[in-house]
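Below is one structure, written out as structure tokens, with a few remarks after it.
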Amino acid sequence: MVTAAESGLDRAQNVPASGPRRVGVFGGTFDPPHRGHVSVVRDVADALRLDEIVWVPAYHSPLKPEAPGTPPDVRLEMVRHAADADPRFRVDDREIRRGGPSYTVDTLREMRAGPLADAEEVVLIMGVDQYGSFDRWREPDAIRALATIAVMDRGGEAGPETPGVQRIPVGRVDVSATAVRERVARGDALDGWVLPAVADVIAREGLYRS
């Protein structure tokens, strides 16, 4: 029997463990995960009627020249807390455990052969900026074959319609990881910016201080 940890899925609450279901995959550095992340993926889940959203924190994004400043295990802990915001959310830690550059195509192949083998549909959720560099990702055509691509669109940011790509309207939330880090460096409060449990980790670890 494969345990949750062995499959990479280390968090599941009030969601079906198996059977036909529509699953969203939401990857990123999440340094830190904030209320904007929670809000937009919740909008996507509602719009597409997804049964689950799997958050996949990256060990290191191949398109970012510098590795995240926050240790991967700490980012994973914060993502787990962020996932408490909605019973449809869970976390997959395979990219953190794998180490090295985090290639989406490798992750989708593993998930399709493992915990998502019986999923009716897998939807890869990304922002406009991510989609703008999508052709530079490893094996973009293979990714398209493994998952439906959904681009989060805030007021027409996604541009013209693209065949095979779903544009999903999401509410505009003026929160970013960069802004959160800047607030911490200035000594400003994080109320309304991140979940309280995430703020507790930031304070405990002394993250983002100048």
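The values are calculated or read from the model by the stated rules, or taken from the named source; none is laboratory data. Given the structure is predicted, the values throughout are model-derived calculations rather than measurements. Glycine gets a Cβ as well: all are built from the backbone with ideal geometry, and neighbour counts include every protein chain shown. Ligands, DNA and RNA are stripped out before the accessible areas are found, and what is left, the full protein with its side chains, is counted by its heavy atoms. Shrake-Rupley method; radii C 1.70, N 1.55, O 1.52, S 1.80 Å.
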**Complete:** To the nearest 20 debye, the chain has a Cα-centred charge dipole, built from +1 on Lys and Arg Cβ and -1 on Asp and Glu Cβ, of 160 debye
**Asked** If one takes the longest principal axis of the Cα atoms in the chain, at what angle in degrees, from 0 to 90 and to the nearest 10, does the Cα axis of helix 35-48 lie?
**Response** 20 degrees
**Request:** Enter the angle in degrees (range 0 to 90, nearest 10) between the Cα long axis of helix 177-186 and the first principal axis of the Cα atoms of the chain, meaning the one along which they spread out most.
**Result:** 10 degrees
**Prompt:** Which of these, V44, V184, V79, has the largest mean-square fluctuation under a Gaussian network model of the chain (Cα springs below 10 Å)?
**Reply:** V184
**Prompt:** Add -39500 (n - 2.57) for each DSSP H run of 4 or more in the chain, then divide by its residues: what number comes out at 222 nm, to the nearest 500 deg cm²/dmol?
**Reply:** -10000 deg cm²/dmol
**Request:** Please return the longest stretch of the chain lacking exposed loop sites, where GluC sites (Glu not before Pro) count only if DSSP places them in a loop and at most 11 other Cβ atoms lie within 10 Å.
**Result:** 1-65
**Asked** Mind listing the Cα extents of region 47-101 along all three principal axes, in Å, largest one first?
**Response** 35, 21, 17
**Gap separating the Cα centres of region 160-210 and region 43-106, nearest whole Å** = 14 Å
**Asked** Can you give the angle from 0 to 90° between the axis of helix 72-82 and the longest principal axis of the chain, with both taken from C-alpha atoms, to the nearest 10?
**Response** 80 degrees
**Request:** Could you list the square roots of 5 times each eigenvalue of the Cα gyration tensor of region 68-206, that is, the equivalent ellipsoid semi-axes, sorted largest first and rounded to whole Å?
**Result:** 28, 20, 15
**Request:** Taking only protein heavy atoms into account and a 1.4 Å probe, give the accessible area per residue of the chain in Å².
**Result:** 48 Å²
**Request:** Could you check which residue among T148, T178, T104 shows the biggest mean-square fluctuation in a GNM of the chain with a 10 Å Cα cutoff?
**Result:** T178
**Message:** In whole percent, and with a 1.4 Å probe on the protein chains, what portion of the accessible area of the chain is carbon and sulfur?
**Reply:** 49 percent
**Request:** DSSP loop (so not H, G, I, E, B), at most 14 other Cβ within 10 Å: list which trypsin sites (Lys or Arg not before Pro) in region 143-210 pass both filters.
**Result:** R172, R209
